[in-house]
Amino acid sequence: MRYSAFSLFRQAFSGNRHWPRQWRDPQPKPHYDVVIVGGGGHGLATAYFLAREFGITNVAVLEKSYLGSGNVGRNTTIIRSNYLLDGNIPFYEMSMQLWEGLEQTLNYNAMVSQRGVVFLAHSDGERDALVQRGNRMRLNGVDGEMLAREDLQKQMPYLNFSHARFPILAGLIQRRGGTARHDAVAWGYARGADACGVDLIQNCEVTGIRRNAAGEVTGVETSRGFIGCGKLALATAGHSSVTAAMAGLQLPIETHVLQAFVTEAVKPVIHHVLVYGAGHFYISQSDKGGLVFGAAIDHYSSYARRGNLATVEETMEEGIALIPGLSRLKALRAWGGAMDMTMDGSPIIDRTPIDNLYLNAGWCYGGFKATPASGYCFAHLIARNEPHHLARAFRLDRFCRGFALDESGHGPQPNLQ
């Protein structure tokens, strides 16, 4: 079914009893041309583009739980392309352009809201850094605009502009940035991939990777039996190290917990996505009225989806320092995701030393916003055995070659990226 105002009107008159299933629930076949491990945003987008753009439809996506149960459904929904380094700016701008046409392409309401993303500066040094970032963005054809303190006060009067230690001096806005509905993105790509003939196999945990005498992957052992494949692609986010270890690979990745929070619903007050320059705090308001925010990762390795109270306290302190009115609201719930943190804070999209094994990992904080471009570039790599030109900087061997993409400038410390 193609979604439209007419289909909505017609289904309403039938009591909404005839909506079709959004995707099939197939039994796994004995063999596929490509098996993708991970039914999150990146895995589903990869399957969609493999089928739609490259004509490879004998594809299976294996998910150990339900589709979208991982980080794609557990994030703060921000989309943007306001990056600094040459290896990152073109890639994330490609993703931003794909976001802008996503709903029309998928015929699915992903609730893309280009409300603008604002990075705030609290010192002369931070303001200079934002000017540099804005100039680099504009040189790469990406929109970026510096806002003076007075402009920010008119648009965001609820901010604490006169904080004793961290006064707000300026901001950099990317007006095309914003948010999207995270689980709807997963559902839209799942529906699109299924319509192209891809098998989406849920409740199918991969427990091992089988290789032949030559070292090539022949398939995967799963909770639903062995599934053979010609090519195997890993898109398992925070569990990338675990799945790669099944093939005998050790990745330059650490897994950390990232917590996020949402408050009770209030009337519209925050009309942009705000990023606090004095800490690592970011906030926006959802369509339901809740304020959605997060901060830094818990600084220890863990595969749990829960964090510790010290990080909760730090997040709340940063939020109230930026927006004093937050102290009047109740936090309704919190959640955590397992983040795959690389040594330089930038991702990996590359072939591995095993000839027919492909890796999509190391997204740190940037996984959700990269979903469309990641899916396209990973599909390009799998289909053609060569990297897409916008993802060439995301090579796996860059850490030993000395070509790190250290966007934050912290050096080789995954917990600080």
query: So how tilted is helix 309-322 from the main axis of the chain? Cα-based, degrees 0 to 90, rounded to 10.
result: 50
task: List every residue whose amide H lies under 5 Å from the amide H of residue 388, counting only residues 5 or more places away in sequence or on a different chain, with H placed 1.01 Å from N in the peptide plane.
output: 381
message: Using each residue's phi in segment 57-62, evaluate 6.51 cos²θ - 1.76 cosθ + 1.60 at θ = phi - 60° and report the 3J(HN,Hα) Karplus result to the nearest Hz, with x for Gly and Pro.
response: 10, 7, 10, 10, 10, 9
statement: The helix 371-384 Cα axis meets the longest alpha-carbon principal axis of the chain at an angle in degrees, between 0 and 90 and rounded to 10, of 30
Computed over the chain: relative contact order in percent, which uses C-alpha pairs under 8 Å that are six or more apart: 22
task: Kindly write out, for segment 280-286 in residue order, the coupling ³J(HN,Hα) from the Karplus curve 6.51 cos²θ - 1.76 cosθ + 1.60 (θ = phi - 60°), rounded to whole Hz, with x marking Gly and Pro.
output: 10, 10, 9, 8, 8, 10, 7
- request: Can you tell me which of 70-83, 262-275 comes out highest on packing, and rank the rest after it, using the mean Cβ neighbours within 10 Å?
  value: 70-83, 262-275
query: Could you work out Rg/(2.2 N^0.38 Å) for the chain, with Rg from alpha carbons only?
result: 0.99
message: Using the Cα centre of the chain as the reference point, and only Cβ charges (+1 on K/R, -1 on D/E), how large is the resulting charge dipole? Debye, rounded to the nearest 20.
response: 1080
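In terms of the Cα gyration tensor, with a ≥ b ≥ c the square roots of its eigenvalues, is segment 37-86 rounded because a/c is under 1.5, prolate because a/b exceeds b/c, or oblate? If you can, show how the numbers build up before the last one.
Values: a/c = 3.11, a/b = 1.28, b/c = 2.42.
It is oblate, given that a/c is not under 1.5 and a/b is not larger than b/c.
Over 26 Å between C-alpha atoms is what I'm after, so list which of 154/267; 288/330; 64/330 land there.
64/330
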task: Rounded to whole Hz and in sequence order, give me ³J(HN,Hα) for segment 85-97 from the Karplus expression 6.51 cos²θ - 1.76 cosθ + 1.60, θ = phi - 60°, writing x for Gly and Pro.
output: 7, 4, x, 9, 4, x, 5, 6, 5, 4, 4, 4, 5
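Quick check on segment 89-171: take the gyration tensor over C-alpha atoms, sort the square-rooted eigenvalues as a ≥ b ≥ c, and tell me if it's rounded (a/c under 1.5), prolate or oblate. Write out the running numbers ahead of the final one.
Working: a/c = 3.38, a/b = 1.72, b/c = 1.97.
The shape class here is oblate.
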task: Report residue 9's accessible area, 1.4 Å probe, all protein chains in place, as a number in Å² to the nearest 10.
output: 130
Segment 7-70 and segment 138-217: distance between their alpha carbon centers, rounded to Å: 21
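If you count, for each residue, the other Cβ atoms within 10 Å and average over each peptide, how do 138-146, 193-201 line up from highest to lowest?
Values: 138-146: 15.7, 193-201: 22.6.
Top to bottom by mean Cβ count within 10 Å: 193-201, 138-146.
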message: Give me, ordered by chain and number, the residues 5 or more places off residue 79 or on other chains with an amide H under 5 Å from its own placed amide H.
response: 178, 179, 180
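Order these peptides, 397-406, 92-101, 226-235, by their mean beta-carbon neighbour count within 10 angstrom, highest first. Kindly include the intermediate steps, with their values, before the conclusion.
Details: 397-406: 13.5, 92-101: 19.8, 226-235: 23.0.
Ranked by mean Cβ neighbours within 10 Å, highest first: 226-235, 92-101, 397-406.
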- request: Net charge near residue 181: determine it from the other residues with C-beta under 11 Å of the C-beta of residue 181, scoring Lys and Arg +1 and Asp and Glu -1.
  value: -2
query: Helix 182-195 versus the longest principal axis of the chain: what is the Cα-based angle in degrees, 0 to 90, to the nearest 10?
result: 30
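With a probe of 1.4 Å, find how much accessible area segment 157-206 has per residue, and write the answer as a whole number in Å². Write out the running numbers ahead of the final one.
On the way: 1700 Å² over 50 residues.
It amounts to 34 Å² per residue over segment 157-206.
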- prompt: Roughly how many Å² is the accessible area per residue of segment 1-54, as a whole number, for a 1.4 Å probe?
  reply: 59
- prompt: Under 5 Å between amide H atoms, partner at least 5 residues away or on a different chain: which partners does residue 219 have, H built in plane at 1.01 Å?
  reply: 210, 229
- prompt: Taking the simple approach of a point 7 Å from Cα along Cα-to-Cβ for both residue 10 and residue 161, what is their distance in nm?
  reply: 5.4
query: Ignoring ligands, DNA and RNA, what percent of the 1.4 Å accessible area of the chain is carbon and sulfur?
result: 52
- prompt: Do you know the relative contact order of segment 167-274, to the nearest whole percent, from alpha carbon pairs under 8 angstrom that are 6+ apart?
  reply: 16
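Once you charge only the Cβ atoms, +1 for Lys and Arg and -1 for Asp and Glu, what is the size of the charge dipole of segment 78-221 about its Cα centre, to the nearest 20 debye?
On the way: 15 positive and 17 negative charges, 85 e Å.
In debye, rounded to 20, segment 78-221 gives about 400.
The values are calculated or read from the model by the stated rules, or taken from the named source; none is laboratory data. Please read these numbers as outputs of a predicted model, since none were measured by experiment. When we count neighbours, we look across all protein chains shown, and the Cβ atoms used for this are built from the backbone with ideal geometry, even at glycine. Remember, those area values only see protein heavy atoms, side chains included, never the ligands or the DNA or RNA. Shrake-Rupley method; radii C 1.70, N 1.55, O 1.52, S 1.80 Å.
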